1. Mind giving me the FRET efficiency for Phe20 and Asn101? R0 is 51 Å, r the Cβ-Cβ distance, nearest 0.05 is fine.
2. Once the piece of chain linking Thr60 and Asp187 is laid out straight, how much longer is it, given 0.36 nm per residue of separation minus the C-alpha distance between them?
3. Taking amide H positions as placed 1.01 Å from N in the peptide plane, with prolines and chain starts having none, which residues 5 or more places from Gly229, or on another chain, fall under 5 Å of its amide H?
4. In terms of modelled amide H atoms, which long-range or inter-chain residues lie less than 5 Å from the amide H of Leu170?
5. With a Förster radius of 41 Å, plug the Cβ-Cβ distance of Val235 and Leu112 into 1/(1 + (r/R0)^6) and report the FRET value to the nearest 0.05.
6. Provide the gained length on full extension for the span Val253 to His32, in nm with one decimal, where the gain is 0.36 nm per separating residue minus the Cα-Cα distance.
7. Could I have the simple spin-label model distance between Val123 and Glu67, label points 7 Å from Cα toward Cβ, reported in nm to one decimal?
8. Bin all alpha-carbon pair distances of region 175-228 at 10 Å intervals from 0 and give each bin's fraction as a whole percent.
Amino acid sequence: MAGNLGDRLRVRRERQGLSFRQVAARTKIPIHVLEALERNDVSRLPGGIFGRSFVRAYATELGLDPEQAIRDFLAQLPLDIVAAGHRRPDQIEDNEALESNRRIAATVLRLLIWSLPLAILIVYLSSPAPQPPTALRRPGIAPRAHEVPPSAAAEASAAGAAAAGARAPLVIEVVANRRSMIQATIDDQETAVHRLAEGERQTFTVQRELRMEVDDAAGVTWTLNGRPGRSLGMVGELVRITLTPDNYRDYLVAP
């Protein structure tokens, strides 16, 4: 069938005399994913951007049009597939617009929540200190200039230190031991896919949260705020992690 992407991939690979292992070594796509693509077995494929990235990489390696391959791949998805994370072509634009609106609304809400305590603190510090009634002032003693009570100054200093600590970013550096692919979402911003050649580095600066997927858990090493991170998993294993300034220490190598 002309529209059967799996058959087209298999025929082109066999004509070029390539094995799954050879293609996997060139593209860094796990063998079980290559087999699933040729069988049109969507249930064995990762969802979202990873699925489309694997289709693009496999088609490019075999000399096929990657964009046409992705269209054929999406067109073959069954109507009721949701759990796998794929979207049909007529749903992509509406879903992405809805997701973008949700992210904007969440960002605005967080800004409002963070700015409210700061606004209260500024109003408190800028308010003049109450002056005693004139009749109660002692003769010959001029009223003192406005001063912030020591307790209020201490509270303001502690609040400022806490705010400064909360803004300290988390810096993650990933180094590829061999060709690897990383999908990263930083602070609920647009998801990005990074293809790393052997020895290439990718740095992420995070204020609140990093959601990261790595296609080969043993294919990368990493550091978190300059400290070595523990192994993410086995060779060829697809791993997903969520990092925050609160939990990143759980991923450090034990001292």
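1. Details: r = 42 Å, r/R0 = 0.82.
Step by step, r from the Cβ atoms, then E = 0.75.
2. 42.6 nm
3. For Gly229, whose amide H was placed from the backbone, the distant partners under 5 Å are Trp222, Thr223, Leu224, Val253.
4. HN-HN under 5 Å from Leu170: Val206, Gln207.
5. About 0.35, to the nearest 0.05.
6. Length difference between fully extended and current span is 76.5 nm.
7. Between Val123 and Glu67, the simple spin-label model gives 5.4 nm.
8. 24, 56, 20
Computed from the coordinates by the stated procedures, all read-outs in this text should not be read as laboratory data. Every value quoted in this text rests on a predicted model; they were computed, and no experiment measured them. Note that we place each Cβ from the backbone using ideal geometry, even for glycine, and neighbour counts take in every protein chain shown.
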